[in-house]
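Enquirer: What follows is a structure written as structure tokens; I'll ask about it next.
The values are calculated or read from the model by the stated rules, or taken from the named source; none is laboratory data. Treat the numbers as computed from the prediction; the structure is a model and nothing was measured. Cβ coordinates were reconstructed from backbone atoms using ideal geometry, including for glycine residues, and neighbour counts include every protein chain displayed. Just the protein is used for accessible areas: all its heavy atoms, side chains included, with ligands, DNA and RNA removed. Shrake-Rupley method; radii C 1.70, N 1.55, O 1.52, S 1.80 Å.
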Amino acid sequence: MGYLQKQNNPPMLKDLQESWQQEPTPFYLYDLDLLRQTLEKARNAAAQYNFQVHYALKANSNKPVLRLIQEFGFGADCVSGNEVKRALKRGFVPEHIVFAGVGKSDAEINFALQHNIFCFNCESSQELEVIDALAGKQGKVARVALRINPNVDANTHKYITTGLEENKFGINMWELEGVMALLQQCENLELIGIHFHIGSQITDLNVFKNLCSRVNEIQQWFISRGIQLPHLNVGGGLGVDYYQPDENPISDFESYFAIFNEHLEVQPGQQVHFELGRALVAQSGSLISRVLYVKKGLTTNFAILDAGMTELLRPMLYQAYHKIENLTSQGPEVKYNVVGPICESTDCFAKDVFLPETQRNDFVAIRTAGAYGEVMASEYNLRDKAKAVYLGLEVKSV
Ligand SMILES: *Cc1c(COP(=O)(O)O)cnc(C)c1O
């Protein structure tokens, strides 16, 4: 990992080229000052309402990133045993760690039980039975929340929608009666709340309003049965602006939390939890690459980069848009298909993008790559792992 001193504020990637020209490409470039500003805004917006925010580690689990997020007082939202382990290693306290996921293995559950994490977000009755049995063996009582499928359309890409009845995630309302009957028999489980997560990259804030209405209804179901739930966890999913990262570097946390404050019927003494991933880290990262070759076709020009789906999978996995910039060229705009070097036709970042006339060795930035970028890297084609370079680093040991 390399560290660069940031030279200006706000950062324009173009102006910083001098500082990284020697770095071997491709690499991930993280702006920790922007991350700090983002965390500060999110923390302050949530604090107005005493909302508790857990960071979804799966978006980015790099050491300086996690350290900073932990220092800002966020909790951790984990979806694997190794994420729980990583959160603990980076200083998150067990009382602020939640563990979700449809397929928690026995080993993962045991590990989380040993460390007395705050809560398991449970997604099926069978999972409840397993956690009950494993907790019993350890002589412990596990705190659980039920991940309920609210059947709310997140109005986002179908590949990243998780709150509809046909998704694999969560417990459906029609199963709830049976789940509650089961919980009566589970002596080693303590039901502390309900949990929701309806999808990711949600930019239409009305979706969250709809989520609040459903949560209120579902909460009534419990209240009418005399069940008190001390915790409500409404998940994450707040989106970022992939189209205009410089104009909108920080998501509108104020409006986001205000919606929940206004529409969620919080019961006396009840704590509200959030699990944000993308909105906290996405804009702080770019993938920096060099152009290896420019290939002119009959109708299509290809800009072939030294980064590919092995460094940033989102365009290929979810048809996701990332803004692409040529940081070197000032030439007139030409249309390109921007592709990677991997031996797959789908290894294409974008089709028909206009870039200044592009040449071999030009630097290219693929923006908004701080979330679900480096964490999804693979060694396919026996690629080397791209390193991370940090701007504004003040974390002592990395
Ligand atoms: C991925 C995930 C999140 C974070 O989603 P973002 O869209 O990155 O905010 C939160 N909760 C759960 C359960 C998740 O799986």
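Enquirer: Which residues, counting only those in segment 32-78, are among the polar types (S, T, N, Q) and open to solvent by 10 Å² or more (accessible area, probe 1.4 Å)? Give the derivation first.
Expert: The initial filter retains those residues of segment 32-78 that are among the polar types (S, T, N, Q), namely 37-38, 44, 48, 50, 52, 60-62, 70.
Within segment 32-78, Gln37, Asn44, Gln48, Asn50, Gln52, Ser61, Asn62, Gln70 meet the criteria.
Enquirer: Looking at (1) surrounded by fewer than 21 Cβ atoms within 10 Å (Cβ to Cβ); (2) under 30 Å from Glu83 (Cβ atoms), which one does Ala371 not meet, given that it meets all the others?
Expert: All conditions pass for Ala371, except number (1).
Enquirer: Taking segment 354-363 only, how many residues are buried (at least 19 other Cβ atoms within 10 Å of the Cβ) and not in a loop (DSSP other than H, G, I, E, B)?
Expert: 2
Enquirer: Output the number of the condition that Gly103 fails; it satisfies all remaining conditions of (1) within 15 Å of the ligand (Cβ to nearest atom); (2) touching a residue at least 12 places away in the same chain (Cβ under 8 Å).
Expert: Answer for Gly103: the failing condition is (2).
Enquirer: Turning to a different aspect of this structure: Quickly run through segment 121-145 and pick out the residues that are touching a strand residue (DSSP E or B) at 6+ places or on another chain (Cβ under 6 Å) and either assigned to a helix (DSSP H, G or I) or open to solvent by 50 Å² or more (accessible area, probe 1.4 Å) (or both).
Expert: Leu128, Ile131, Asp132, Ala135, Val141, Arg143
Enquirer: Filter segment 323-346 down to the residues that are assigned to a loop (DSSP other than H, G, I, E, B) and buried (at least 21 other Cβ atoms within 10 Å of the Cβ) and list them by number.
Expert: Listed by number, the list holds a single entry, Gly340.
For (1) within 16 Å of the ligand (Cβ to nearest atom); (2) open to solvent by less than 40 Å² (accessible area, probe 1.4 Å), each residue gets a yes or a no:
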position: Glu217; (1), (2): no, no
position: Gln228; (1), (2): no, no
position: Gly236; (1), (2): yes, yes
position: Pro245; (1), (2): no, yes
position: Gly285; (1), (2): yes, yes
position: Arg290; (1), (2): no, no
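Enquirer: State whether the residues of segment 93-110 include one that is more than 22 Å from Gln271 (Cα to Cα) and touching an Asp or Glu at 6+ places or on another chain (Cβ under 8 Å).
Expert: Step one: of segment 93-110, the residues more than 22 Å from Gln271 (Cα to Cα) are 102-110.
From what is left, the residues that are touching an Asp or Glu at 6+ places or on another chain (Cβ under 8 Å) are 102, 104.
The answer is yes; a qualifying residue exists.
Enquirer: If Lys89 meets every condition in (1) within 23 Å of Leu393 (Cβ to Cβ); (2) touching a residue at least 12 places away in the same chain (Cβ under 8 Å) apart from one, which number is that one?
Expert: Result: Lys89 fails condition (2) only.
Enquirer: Determine, yes or no, whether Phe196 is at pLDDT 95 or above, more than 24 Å from Gly81 (Cα to Cα) and within 19 Å of the chain's Cα centre (by Cα).
Expert: no
Enquirer: Tally time: how many residues in segment 170-203 are open to solvent by 40 Å² or more (accessible area, probe 1.4 Å) and among the hydroxyl-bearing types (Ser, Thr, Tyr)?
Expert: The number of residues fulfilling the criteria is 1.
Enquirer: While we're here: Only residues that are within 23 Å of Val389 (Cα to Cα) and within 11 Å of the ligand (Cβ to nearest atom): list them for segment 43-77, please.
Expert: Tyr55, Ala56, Leu57, Lys58, Ala59, Asn60
Enquirer: List the pairs whose first member sits in segment 54-79 and is closer than 15 Å to Ala279 by Cβ and not assigned by TED's automatic domain parsing to the domain that holds Gly373, whose second member is more than 9 Å from the ligand (Cβ to nearest atom) and of a type in the set (Phe, Trp, Tyr), and whose Cβ atoms are under 6 Å apart, counting only residues at least 6 apart or on separate chains?
Expert: Correct list of pairs: Tyr55/Phe74.
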